[in-house]
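What follows is a set of notes on a single structure, which appears directly below.
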Amino acid sequence: MTKSFTPSLFATELKPLSKPAILGGPSACNKAKWIKWPIWVPETDEKRILEVLRSGVWSRSALVNEFEAAWAKANGAKRCLVVNNGTNALITSLNQLKIEAGDEVLVPPYTFISTVQAILMNGAMPVFVDIDPDTFQIDPAKIEAKISPRTKAILPVHILGMPADMPRIMEIAKKHKLIVIEDACQAPLTEVNNQKVGTIGNAGCFSFQNSKNIPIGEGGAILSNDIGFMDRCFSFHNLGLPFGTAVGTFSTGSIRTGTKVRFTEYQAAIGLAQLERLDVQTTIREENANYLKSKIQDIPGIVPYRLYDCATRVSFHLFSFRFKKEDFNGLSRDSFLQALRAEGVPCSGGYTALNKQQFLKEAFGSTNFKRMYPEDMLDYKKYMELNQCPENDVLCTEMVWFTQNLLLGSKEDMDAIAYAITKIQANAESVKKTLEK
Ligand SMILES: Cc1ncc(COP(=O)(O)O)c(C=O)c1O
């Protein structure tokens, strides 16, 4: 596709392009200006934490209950359970949805490692479904080909804060009677057809890790409308002790195997403070993402994300686009990132191909897996052949990310990012000559 573009002028102000900073020109952005993350308000947030400290009640109690009720309400879910991180929210959900040894779970390769570790930690087998090259999400058109008699669940990830194609995923899940666990760790308040992600499948999992849109340092949550399941999750996260409808036949003691991954009152105090800001911040991020996308989408070699039509709100944990080196005179992505950083724009290349990492081989070679699976299922070479994801391989070499705090800046900040990219693109040849001698 030919794009109309005027490389010698920057479209907003029609200002002549200066030399890229990497070649000695002035940088487009003042790095020090970007909003630091996490944000806290000393007057209110510190008071909340001090109150917890002085109360001496530091383990799970009233504030944790309050935070759970607030997060359930914000999402329109019947119940929420908070745990110590998003990884354990996933592990707990899979465990209590009875994802076990011998089960296969369909998962995209473009995600954080936790999504896949949660499957392995329950003794189940991850089966990778390649991504949609335009939306970067699990490709619904490729799911059915990966379903086998062992398939028990689909684990879509709303990666980068953008929603997966939940209407199609739910349709496939219904047809094949599969469980759906949404990894919404990057997508708080993202919506599909006006419904919050994490409330569409059987369970939804969230992360409150420091870089996330609700930063608590560490923390995670499970949402579901299934009360029995949520009671079992509570029991599991608290050493298998009875809770709610999850009661045993014995009068005392634990009723199931479990772990201890409880949230603390400190975490709840910070979380409640962060929740007060989340809605407004989400709106700002979305407005800036839409604006930035409109400013850069016509630059040759820059191909931003596409959203599914069903996306009605997007949290933009990360702003993303593909970098096409062929439109930048063959400049490598690493050199592009280097040049962009020199302009004062923090950026990264994102994930590497997860389905090719060492941990899968290690899991297959473990005594646990050898006892749980027939030999042919642990043939690593065969597994690798079946789990190739060529679209994801290319994406991992082309992706560029901006973290969400950049999207909390002003429109002028977005203009400055677009200006920086425009400068690099117009001078791609000299940048390449300088950086790739
Ligand atoms: C997509 C995804 N899934 C799971 C997790 C795990 O969350 P946590 O880091 O809170 O354990 C994260 C967060 O890093 C994530 O981005």
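Values quoted throughout were computed directly from the atomic coordinates according to the rules given, and no laboratory measurement underlies them. All values reported here derive from a predicted model rather than from experimental measurement. Neighbour counts are summed over all protein chains in view; Cβ atoms, including those assigned to glycine, are modelled from backbone coordinates with ideal geometry.
Dividing the mean sequence gap of close Cα pairs (under 8 Å, 6+ apart) by how many residues the chain holds gives a relative contact order of 22 percent.
Ellipsoid semi-axes for region 284-409, based on the Cα gyration tensor and the rule √(5λ), read 36, 18, 14 Å when sorted largest first. Expressed in Å, the radius of gyration and Dmax of the Cα atoms of the chain are 23.1, 78. For a label point 7 angstrom out from the Cα of Ser211 toward its Cβ, which stretches of region 327-358 have the backbone nitrogen within less than 14 Å? Backbone N within reach: 346-352.
Between Lys361 and Leu50, the simple spin-label model (points 7 angstrom out along Cα→Cβ) gives 5.5 nm. Helix 227-237 axis versus longest C-alpha principal axis of the chain: approximately 90°, rounded to the nearest ten. Ordering His176, Val197, Ala342 by the projection of their Cα atoms onto the charge dipole of the chain, which places +1 on the Cβ of Lys and Arg and -1 on the Cβ of Asp and Glu, puts Ala342 at the extreme positive end.
Each label was represented as a point 7 Å from its Cα along the Cα-to-Cβ direction; for Lys411 and Lys98 these points are 5.6 nm apart.
Summing Cβ point charges (Lys, Arg +1; Asp, Glu -1) relative to the Cα centre of the chain gives a dipole of roughly 420 debye.
Once the chain from Asn368 to Lys19 is taken as fully extended at 0.36 nm per residue, the excess over their C-alpha distance is 119.8 nm.
Fewest-first ordering of His176, His158 by other beta carbons within 10 Å of each residue's beta carbon gives His176, His158.
With contacts defined as alpha carbon pairs under 8 Å and 6 or more residues apart, what's the relative contact order of region 202-285 in percent? 24 percent.
Sorted ascending by nearby beta carbons within 10 Å, beginning with the fewest, Ser27, Ser320 become Ser27, Ser320.
Bridgeable aspartates and glutamates around Lys356 (alpha carbons under 12 Å apart, same-chain partners fewer than 8 residues away excluded): Glu385, Asp393. If R0 is 30 Å, the Cβ-Cβ spacing of Asn30 and Val394 corresponds to a FRET efficiency of close to 0.30.
A Förster distance of 22 Å, applied to the separation of the beta-carbon atoms of Asp298 and Asn329, puts the FRET efficiency at 0.80.
Of the GluC sites (Glu not before Pro) found in region 385-437, those that fall in a DSSP loop while having at most 16 other beta-carbon atoms within 10 Å are Glu436. Applying both filters, DSSP loop and at most 14 other Cβ atoms within 10 Å, to the trypsin sites (Lys or Arg not before Pro) of region 158-252 gives Lys177.
What pairs in Lys175/Lys295; Lys36/Lys295; Lys36/Lys152 have C-alpha atoms more than 30 Å from each other? The pairs that break the limit, which is 30 Å between Cα atoms, are Lys175/Lys295; Lys36/Lys152. Between Val57 and Glu375, the C-beta separation translates, for a Förster distance of 56 Å, into a calculated FRET efficiency of about 0.60.
Expressed as an acute angle from 0 to 90° and rounded to the nearest 10, what is the orientation of the C-alpha long axis of helix 333-342 relative to the principal long axis of the chain? Computed tilt is about 80 degrees. Amide H contacts of Gln195: none lie under 5 Å away among residues 5 or more positions distant or on a separate chain (H built 1.01 Å from N in the peptide plane; Pro and chain starts excluded). Sequentially through region 90-103, phi angles give Karplus couplings (6.51, -1.76, 1.60; θ = phi - 60°) of 5, 4, 5, 4, 4, 4, 7, 9, 6, 7, 9, 3, x, 7 Hz, Gly and Pro residues having no value and appearing as x. Helix 62-75 axis versus longest C-alpha principal axis of the chain: approximately 60°, rounded to the nearest ten. Rounded to the nearest 500, the 222 nm mean residue ellipticity of the chain from helices alone is -11500 deg cm²/dmol, with -39,500 (n - 2.57) taken per DSSP H run of at least 4 residues. Test of understanding: in a Gaussian network model of the chain with alpha carbons linked when under 10 Å, which of Leu53, Leu340, Leu307 would top the mean-square fluctuation ranking? Looking only at Leu53, Leu340, Leu307, the largest GNM fluctuation is found for Leu53.
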